[in-house]
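Participant: Next up is a structure, given as structure tokens.
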Amino acid sequence: MATRTQVVVVRHAREADKSTGTARMAGLALPNSVMIDFGEESAPVDAELSPYVEDAWLLFPAEEGAAAASGPPPKRLIVIDGTWRQSRRMIKKLPCLTNVPRMALPSKADAPLRLRESTSPDNRSTLEAIADGLTLLEGEAAGQPLHALHTLMVERVFRARGVWDLKAAGQ
């Protein structure tokens with residue numbers, strides 16, 4: 001799926017080998033995307049990521065003192081793939097992200113069926129977050145195919161596990 005906005009995913013090493021990792025699906029679906037794996041050493045990742053921070057927004061809630069994204073849409077959307085704890089640590093270990101404006105996603109009324117349990121409908125898989133971010137930047141036509149991909153992926157994984165009927169019924 002072609003997008004105007006380049007998506008740059010910084011993926012935690014523990015997410016790379018998960019068959020249910022949605023960042024991998026986003027990378028396969030978006031030809032205008034880049035996947036950077038974050039391992040033990042952060043300096044090489046920071047160097048690899050540095051060229052992408054110009055005219056970019058970081059898809060991550062703004063913390064105290066962090067610049068909130070505003071103005072014309074960016075050329076790039078940087079997405080951190082990991083648990084919340086891993087993501088916060090990764091951002092702290094990547095100095096090139098310090099001044100990148102942060103884009104937060106609006107609250108969701110209802111959560112779709114997801115592979116991993118979440119405590120809030122506002123929590124999202126990486127694929128959902130990218131879809132919602134692209135919807136805000138480019139419109140519904142950019143995000144909808146990714147949401148459909150997420151739905152299909154969730155269904156197929158649950159069918160393969162033999163739990164689709166239970167999950168689809170909300171159990």
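The values are calculated or read from the model by the stated rules, or taken from the named source; none is laboratory data. None of these values were measured; they are calculated from a predicted model. A quick note on method: Cβ atoms are made from the backbone with ideal geometry, for glycine too, and the neighbour counts reach across all protein chains shown.
Participant: Of Ala111, Ala131, which residue is under 25 Å from Arg161 (Cβ atoms), touching a Pro at 6+ places or on another chain (Cβ under 6 Å) and not acidic (Asp, Glu)?
Facilitator: Ala111
Participant: Hey, can you tell me all the residues within region 20-46 that are over 17 Å from Leu134 (Cα atoms) and without any contact (Cβ under 8 Å) to a residue 24 or more places away in the chain?
Facilitator: Glu41, Ala43, Pro44
Participant: Considering only region 73-92, state which residues are over 21 Å from Leu30 (Cβ atoms) and either of a type outside the set (Phe, Trp, Tyr) or touching a His at 6+ places or on another chain (Cβ under 9 Å) (or both).
Facilitator: Thr83, Arg85, Gln86, Arg88, Arg89, Ile91, Lys92
Participant: Would you mind telling me which numbered condition in (1) in contact with a Ser or Thr (Cβ under 6 Å, 6 or more places away or on another chain); (2) assigned to a loop (DSSP other than H, G, I, E, B); (3) not hydroxyl-bearing (Ser, Thr, Tyr) Glu117 fails?
Facilitator: The failed condition is (1).
Participant: Check region 125-148 and report whether any residue there is assigned to a loop (DSSP other than H, G, I, E, B) and within 24 Å of Arg14 (Cα to Cα).
Facilitator: There is at least one residue in region 125-148 that is assigned to a loop (DSSP other than H, G, I, E, B) and within 24 Å of Arg14 (Cα to Cα).
Participant: From the list Ile80, Ile91, which one is assigned to a helix (DSSP H, G or I), farther than 17 Å from Leu136 by Cα and either under 15 Å from the mean Cα position of the chain (by Cα) or modelled with pLDDT under 95 (or both)? Spell out the reasoning first.
Facilitator: Numbers: Ile80 fails: assigned to a helix (DSSP H, G or I).
Of Ile80, Ile91, the one residue that is assigned to a helix (DSSP H, G or I), farther than 17 Å from Leu136 by Cα and either under 15 Å from the mean Cα position of the chain (by Cα) or modelled with pLDDT under 95 (or both) is Ile91.
Participant: Here's a follow-up. How many of the residues in region 14-64 are part of a strand (DSSP E or B) and touching a Gly at 6+ places or on another chain (Cβ under 9 Å)?
Facilitator: Applying the first criterion (part of a strand (DSSP E or B)) to region 14-64 yields 33-38, 56-59.
Then drop every residue that is not touching a Gly at 6+ places or on another chain (Cβ under 9 Å), which leaves 33-35, 38, 57, 59.
Of the residues in that region, 6 qualify.
Participant: If you go through region 30-51, how many residues are within 13 Å of Val7 (Cβ to Cβ), touching a helix residue (DSSP H, G or I) at 6+ places or on another chain (Cβ under 9 Å) and surrounded by fewer than 19 Cβ atoms within 10 Å (Cβ to Cβ)?
Facilitator: 3
Participant: Counting only residues that are touching a Lys or Arg at 6+ places or on another chain (Cβ under 7 Å) and either among the aromatic types (Phe, Trp, Tyr) or within 23 Å of Lys93 (Cα to Cα) (or both), how many does region 1-19 have?
Facilitator: 2
Participant: Moving on to the next point. Can you pull out every residue in region 149-158 that is without any contact (Cβ under 8 Å) to a residue 60 or more places away in the chain and either assigned to a loop (DSSP other than H, G, I, E, B) or not charged (D, E, K, R) (or both)?
Facilitator: Thr151, Leu152, Val154, Phe158
Participant: Still on this structure, please answer the following. Exactly one of these conditions fails for Arg11: (1) modelled with pLDDT under 95; (2) under 29 Å from Trp164 (Cα atoms); (3) not in a helix (DSSP H, G or I). Give me its number.
Facilitator: (1)
Participant: Separate question: Of the residues that make up region 121-136, is at least one modelled with pLDDT under 95, more than 18 Å from the chain's Cα centre (by Cα) and surrounded by 13 or more Cβ atoms within 10 Å (Cβ to Cβ)?
Facilitator: no
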